[in-house]
Amino acid sequence: MSDLRDEVQAGFQQRFDEAPDGVWSAPGRVNLIGEHTDYNDGFVLPFAINRRTLAALRLRDDRRIRLATSFADDTVEIELDTLAPKTIDGWAAYPLGVAWALGQGNADLGAVPGFDLYLDSDVPVGAGLSSSAAIECAVAVALNDVWRLGLDRRALVDAGHRAENDFVGAPTGILDQSASLLGQADSALFIDCRNFDTEVIPLGLEAAGLDVLVIDTRVNHAHADGGYASRRASCEAGAAALGVASLRELTKDDLLRARDTLDGETYRRVRHVVTENDRVLETVRLLRTEGPAAIGDLLDASHRSLRNDFEVSVPELDLAVETAQNYGALGARMTGGGFGGSAIALVPRHLISHVKVAVDGAFAEHGYAHPDMFTVVADEGARRDV
Ligand code: GLA
C-alpha cells in the first residue's frame, strides 16, 4: 500500500511535472452473497477488499481536466464544460463520469477549477472485483474534498452510480459503489437496496481461522455487454407481470403464482432473486449468531441458483467453485455480475495452498487459462491517504 502511494505520487510528478495536492484511494469489493439483487431493490452483503485504486490530484487554475494512469500511455485532456454522457471510451470515462455526475446531483460546479489526475491501482481489471467502482469512488472522494462540495457518502454513491449508468452506459446497481465508499475493516456491509439502509456486520474470519480466497478465472466479463442488461430486463418484466414495483416485494410464497403466470425462463430469473434475498438474510443471521463457519451452504446454494436459474456462470467459474468445494472450502460461489470474473471460496486457513494447487490442476486439466488466486481481507472504504 505505501509503495503504491509512493508510486502514484511519482507517476503524477512524471506526467504533470509537479507534485499532487493529495492522494485519495478507494477499494475494490467482493460480494459475499446477494447477487443480481441490488437492481431489484433487494439485499446485498459485500465487503471492501485490501486492493485499492489511488488517485493523485492537483487543482488547476482553469477549467481543463487532464487525466493519466499507470495502466495506459495516453493522457486524456478535456474541458470540464464539455463533458457529456456516452462521448468518452475506455478508462477515462469513469473519472470523467464522476466529475460530470457530481454536477448532476446537488452540487453546483459552475465555479470549480479543473484538475490534473493520475490513477494507479492494484485492483485487477476485468476480474469482477469492481475496478471501475474503485476508480469512481477514489475520484468522488477526491473531488468532494478539493471542490469542497460537502457531500455525504450516500451522495457520492449516487455520483458513482450515475457515472456508470448514464455516462458510461452500464445499467448496474449500487452494490459496488456502496461497498467501496462505506466498507469497514473486518466487516461486511448489509444493504437494503430499497431504502439504502446499511448495517455493518462483523465477519470474524480471523478468529474462525478462515480466509476468503479469490479465484480470478481470467475470463473477461463486461457489464455493458448484453447479458447483464437482459437479466435486468427479465427481472423488470417479471415484476411487471406479477404486478409488483420490484422483485423485492415477493417472498417464496409468491413463487407458485409466479410459476403459473410467467414463462419458464422469466420464472427462473425471478426464483433466483427471491431465494437469493432470503439467503442474504439467513447469512446475516448466521454471521451474528454462529459465525462465518456456518455460512458455507448458503454460498454453495447461491452459486447453484446463479448457475441454474439466473444462468450467469461460465464453465470456468463452475470448475473453480466445484474444485474449491471438493478440496476443503466450506462454501464457494461466483461473485459479481458473472459471465466470467472471479469466484470466492471460504477456506480454513491451513487448507489454502491445498485448494490453490487443486484449482490450478483442474484448470490445467481442462485446458483453461491459468487462474489468478489470492486471499483478501475486509478493508476500510474510500479515504484520503496523503
Ligand atoms: C455487477 C454490478 C452490480 C451488481 C452485480 C451483481 O457487479 O455492478 O451492481 O448488480 O453485478 O450482483
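The residues on offer are Gly110, Gly103, Gly128, Gly150, and the sole one that is over 24 Å from Gln9 (Cβ atoms), within 13 Å of the ligand (Cβ to nearest atom) and either touching a residue at least 12 places away in the same chain (Cβ under 8 Å) or small (Gly, Ala, Ser) (or both) is Gly128. In this structure, does Glu276 turn out to be within 24 Å of the chain's Cα centre (by Cα), surrounded by fewer than 18 Cβ atoms within 10 Å (Cβ to Cβ) and assigned to a helix (DSSP H, G or I)? Criteria not met by Glu276.
Every test in (1) modelled with pLDDT of 95 or more; (2) outside any helix (DSSP H, G or I); (3) within 16 Å of the ligand (Cβ to nearest atom); (4) not hydrophobic (A, V, I, L, M, F, W, C) is passed by Gly160 save one, and that test is (2). Filtering the range 163-178 to residues that are within 13 Å of the ligand (Cβ to nearest atom) and outside any loop (DSSP other than H, G, I, E, B) leaves Ala163, Glu164, Asn165, Val168, Leu175, Asp176, Gln177, Ser178.
Out of the residues in the range 132-147 meeting the condition of being assigned to a helix (DSSP H, G or I) and surrounded by fewer than 21 Cβ atoms within 10 Å (Cβ to Cβ), tell me which one is nearest to the ligand (Cβ to nearest atom). It would help to see each step written out before you state the result.
First pass over the range 132-147, keeping only residues assigned to a helix (DSSP H, G or I): 132-146.
Filter once more, so that each one left must be surrounded by fewer than 21 Cβ atoms within 10 Å (Cβ to Cβ): 145-146.
On the way: Asp145: 25, Val146: 27 Å.
Across the range 132-147, the extreme among qualifying residues is Asp145.
Exactly one residue among Ser305, Ser230 is within 16 Å of the ligand (Cβ to nearest atom), polar (S, T, N, Q) and more than 28 Å from Thr198 (Cβ to Cβ), and that residue is Ser230.
Applying the criterion of at least 2 residues that are within 22 Å of the chain's Cα centre (by Cα) to the strands (runs of 3 or more DSSP E) found wholly in the range 44-131 leaves 115-121.
Within the range 237-253, the set of residues being of a type outside the set (Gly, Ala, Ser) and over 22 Å from Asn195 (Cα atoms) comprises just one member, Asp253.
The values are calculated or read from the model by the stated rules, or taken from the named source; none is laboratory data. Keep in mind that this is a model prediction, so the values were computed, not measured. Quick reminder, even Gly has a Cβ in these numbers, built from the backbone with ideal geometry, and neighbours come from all protein chains shown.
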